[in-house]
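This report refers to the structure that appears directly beneath it.
Nothing in this text is a laboratory measurement; each read-out follows from the coordinates by a stated rule. Computed from a prediction, not measured in an experiment: that's the story for all the values here. Virtual Cβ from ideal backbone geometry, glycine too; neighbours counted across all protein chains shown.
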């Protein structure tokens with residue numbers, strides 16, 4: 001196809017567009033984050049009449065020329081949107097009215113809708129006349145630009161048409177002129193199109209009831225194959241999905257599969273599902289299987305090592321192997337039985353560490369957390385829930401057998417404000433067999449010695 005024909009086709013396609021603008025002035029009082037949230041939800045409703053929806057301040061615009069024949073006219077489209085959008089606005093306790101307009105250009109429809117005239121302009125040659133009747137208040141201008149237009153005696157867009165473009169560009173800037181040219185269809189106009197959030201659900205109705213879960217594995221594996229293909233096509237992964245086993249006259253059995261590291265590996269997901277099946281008992285035979293994704297994540301590829309094995313011939317281990325192993329433990333024993341240890345900004349050893357559910361992800365919202373400073377002094381991995389008092393015999397400390405102090409002291413004074421005054425001197429001690437202990441000496445009260453933890 002030659003260049004002239006390409007331009008001809010592009011021009012014809014452009015002239016055939018009809019953009020429907022939906023303007024919501026009641027959103028102006030809301031903050032930008034809430035405006036974006038509401039517009040995202042309303043864009044989902046507009047997708048019922050158009051596959052092309054774009055965002056603008058307090059407005060949504062969609063292309064409806066291709067939908068006119070299907071809906072038997074723009075009036076039906078407007079009535080459908082009026083019902084959907086009105087009900088949604090009422091749920092948000094906002095005024096359920098809105099302004100609308102349609103024209104061959106995006107900016108033209110937006111300006112017409114801002115005017116509140118609810119105008120419909122089907123033909124490009126009628127657009128200039130329709131826009132010329134509008135007040136300059138519909139333009140997106142700053143305070144200085146509005147003052148200049150007022151001083152020049154310009155009240156309507158038709159007054160601007162009479163002025164030379166070079167002078168307008170010099171007085172008001174190129175953005176002002178581009179805004180008008182876009183409305184008239186003289187220059188190309190990019191749009192920020194709405195992309196709906198991904199959603200995946202796949203099900204399979206069994207031809208007969210099954211009680212043996214092992215017989216469901218091939219069916220579940222096929223559904224997981226569909227899921228992984230869906231994720232690969234969209235360059236996504238998942239960290240949370242649910243398998244529903246449906247029964248006759250019983251509530252469905254839900255199997256929640258949570259991953260600490262998002263994945264789209266069919267082999268890994270199948271292995272986790274098999275582990276869940278090993279410990280699962282169902283209340284009734286299964287009549288259908290369904291898989292639904294609860295959370296999508298961006299996919300981050302990892303390069304495998306060029307050398308698969310270590311030079312010594314021993315197997316090579318990585319963080320991903322460890323995470324997959326932990327996820328199998330979760331599937332077998334349950335989430336509450338697998339914990340991770342995290343530091344807390346506390347000086348008192350009893351409160352300086354936290355136990356979290358292992359699949360909890362730090363920095364889930366993507367924000368970089370400030371690193372927690374930890375003591376440079378040695379700390380044991382295993383702390384006793386209650387410190388154990390040590391015996392003293394002839395000036396020597398005893399824990400089963402005599403122990404010897406290796407290093408210390410480290411003074412810890414804290415929690416005086418809470419009524420539990422902690423004032424201790426901590427030492428590292430060694431048992432007769434070489435194991436190391438973390439002990440402390442009270443500086444207040446009875447000044448006893450206690451064992452508080454064991455070093456690895």
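By other beta-carbon atoms within 10 Å, ranking 20, 427 with the fewest at the front produces 427, 20. Per residue, the average separation of C-alpha pairs within less than 8 Å and at least 6 apart gives segment 382-454 a relative contact order of 32 percent.
For a quick check: sort 52, 105 by the number of other beta carbons within 10 angstrom, fewest at the front.
52, 105
What is the Cα centroid distance between segment 76-106 and segment 196-259, reported in whole angstrom? Between the Cα centre of segment 76-106 and that of segment 196-259, the gap is 37 Å. Exposure proxy for 228, 62, 423: other Cβ atoms within 10 Å of each Cβ, ordered fewest to most, give 423, 228, 62. Tell me, what is the percent relative contact order of segment 201-298, built from C-alpha pairs under 8 Å that lie six or more residues apart? Normalised by residue count, the contact order of segment 201-298 is 46 percent. The C-alpha radius of gyration of segment 3-184, expressed as a fraction of 2.2 N^0.38 Å, stands at 1.09.
The alpha carbon gyration tensor of segment 78-167 gives principal lengths a ≥ b ≥ c with a/c of 1.5 or higher and a/b no greater than b/c, which makes the shape oblate. Here the average projected area of the convex hull drawn through the C-alpha atoms of segment 201-298 stands at 5.9 nm². One Cα centroid belongs to segment 376-427, the other to segment 12-63; the line between them spans 65 Å. Contact order, relative form, for segment 81-137: 26 percent (alpha carbon pairs under 8 Å, 6 or more residues apart, mean separation divided by residue count).
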